[in-house]
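In what follows, a single structure is set out as structure tokens and then discussed.
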Amino acid sequence: MKVVLSTLNAKYIHSSLALAYLEEACHSDSWEIETLEFTINDKLDQIMTRLYRSQPDVLCFSTYIWNIKETLSLCHDFKKVSPECLIILGGPEVSYDSASVLEEHPSIDYIVRGEGEISLRELLGQIFAEKDVENISGITYRYQGQIKENSDRPLITELGSLPSPFGRDFTPYKDRVVYYESSRGCPFNCSYCLSSTARGVRFFPMDRVKEELKHLLKYELREIKLVDRTFNCNEKRAQEIMQFIVEQGSSTKVHLEICADVISDEFLEFLSKMPPNIFNFEIGIQSTCPEALQAVHRFSHWENLRKNILQLRSFNNIHLHLDLIAGLPYESYDRFQDSFNNVFSLQPHMLQLGFLKLLKGSEIYRQRHKHGYRFQTRPPYQVLANNYISYDEIIKLQQIEELLNRYYNKAIVPTTIAHAISTVYQGSAFIFFEDFALYWEENEL
């Protein structure tokens, strides 16, 4: 039996952490596994040709908001030329409405919901043995003309029991971003995030984390991006991992997502001594509007955030990437202006202005009618308007986002922009970018 694991990454420089874990978890002498990664920019007919020439008996795709459209198209066409091939989908884009996906897309045979390492291995075993799958947790499938949804699979509690995908040769990934995780889950419960569907944080054993990172760092990769939702939820552990990374002496950049308002003075002291040009901190502030934060169960403390981020900025050794989300409940266009100015005043190296996405499975998706959300029917399900902000205003924010990325985030004429904001616009970065966007529109730039 030939099994192909595949996905379409958003960019060539990206790599698939999910496929790496699945390949190791599903290894067996009973079948052959081939992993094929593509990008959403590749031509679908070329992807189709490559998949067909692999002649899979089972074809598995990992799906996300950025690749679901292309993946479904491939599934439909592939079934036409290989009708005997079983097609399995997994990933967050199909885990929360799996029965509907099967109803709408007859080319798909199975869906693996949630963490897939154990479920997919068991499913492949039953397919190989030509036995029924009714006792496999975490799958949805077709049976005698009906769609059956088995019980959810409990989360994997002992992450150290999973085979490591990081012992391989990473030379081919030298110029790419390699994704890594030292934990799964999140201590918080933000209603717009799929991490909130599973409470608590589970950690990989520290010895394993060090062994894997040591192996990765020796390849001098472009970047290792940890997908831990809150890397510093355990400061002692975070400090130990960061210190270990520094001791390896690698030129590889390491990207970490942290929560800045809970940083202790001891951790700040530790961070002040970090060598420059190694770590990139992404800090999700999202909003400084108390009503909006409360509505999405995000209990940030702005003054603590502000103080700690200014401290981090003063160290001048860690790249700071701050996030804002437009379209949260109760935050109007005018109130978002305050959030923007508050965060801009911290002078991060990068300020990402994002837009709320109504992800299937999230609490805010279930509350969409309460707040009058109108959003894209296609992925990424981005907000168009709600009871507090109009589509006209969303368009303005999208124009501001474009100029923010084009100028501020690329450090183009930074002195001129800073001078204009401080002297002409009395410190309001938002109004500066608003006027700048209007100028671009009027002059068709």
**Fill in**
For region 77-100, the count of residues that are among the β-branched types (Val, Ile, Thr) and within 22 Å of the chain's Cα centre (by Cα) equals 2
**Request:** Looking for whichever is more than 21 Å from Gly284 (Cα to Cα) and among the acidic types (Asp, Glu) here; the options are Glu363, Glu402, Glu393. Which one fits?
**Result:** Glu393
**Asked** Before we move on, is Ile283 assigned by TED's automatic domain parsing to the domain that holds Gln352, part of a helix (DSSP H, G or I) and crowded, with 17+ Cβ neighbours inside 10 Å?
**Response** no
**Item:** Selected residue [at pLDDT 95 or above, closer than 24 Å to Arg168 by Cβ and touching a helix residue (DSSP H, G or I) at 6+ places or on another chain (Cβ under 7 Å)] from Ser54, Ser73, Ser62
**Value:** Ser62
**Prompt:** Could we say that Ala420 is surrounded by fewer than 19 Cβ atoms within 10 Å (Cβ to Cβ), hydrophobic (A, V, I, L, M, F, W, C) and either at pLDDT below 95 or assigned to a helix (DSSP H, G or I) (or both) here?
**Reply:** yes
**Complete:** Per the filter on region 235-278, residues outside any loop (DSSP other than H, G, I, E, B), within 21 Å of the chain's Cα centre (by Cα) and more than 15 Å from Gln311 (Cβ to Cβ) are Ala238, Lys253, Val254, His255, Leu256, Glu257
**Criterion violated by Arg366 - all others in (1) over 19 Å from Phe432 (Cα atoms); (2) touching a residue at least 24 places away in the same chain (Cβ under 8 Å) satisfied** = (2)
**Request:** Quickly run through region 6-20 and pick out the residues that are touching a Lys or Arg at 6+ places or on another chain (Cβ under 6 Å) and either on the phi > 0 side of the Ramachandran plot or not hydroxyl-bearing (Ser, Thr, Tyr) (or both).
**Result:** Ile13
**Complete:** Per the filter on region 179-212, residues in contact with a helix residue (DSSP H, G or I) (Cβ under 6 Å, 6 or more places away or on another chain) and touching a residue at least 60 places away in the same chain (Cβ under 8 Å) are Tyr179, Asn189, Cys190, Ser191, Tyr192, Leu194
**Asked** Among the residues of region 288-341 satisfying the criterion of being among the basic types (Lys, Arg) and buried (at least 17 other Cβ atoms within 10 Å of the Cβ), which is nearest to Leu271 (Cα to Cα)?
**Response** Arg306
**Fill in**
Going through region 32-43 in order, the residues found to be touching a helix residue (DSSP H, G or I) at 6+ places or on another chain (Cβ under 6 Å) and more than 14 Å from Leu19 (Cβ to Cβ) are Ile40
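The values are calculated or read from the model by the stated rules, or taken from the named source; none is laboratory data. Treat the numbers as computed from the prediction; the structure is a model and nothing was measured. When we count neighbours, we look across all protein chains shown, and the Cβ atoms used for this are built from the backbone with ideal geometry, even at glycine.
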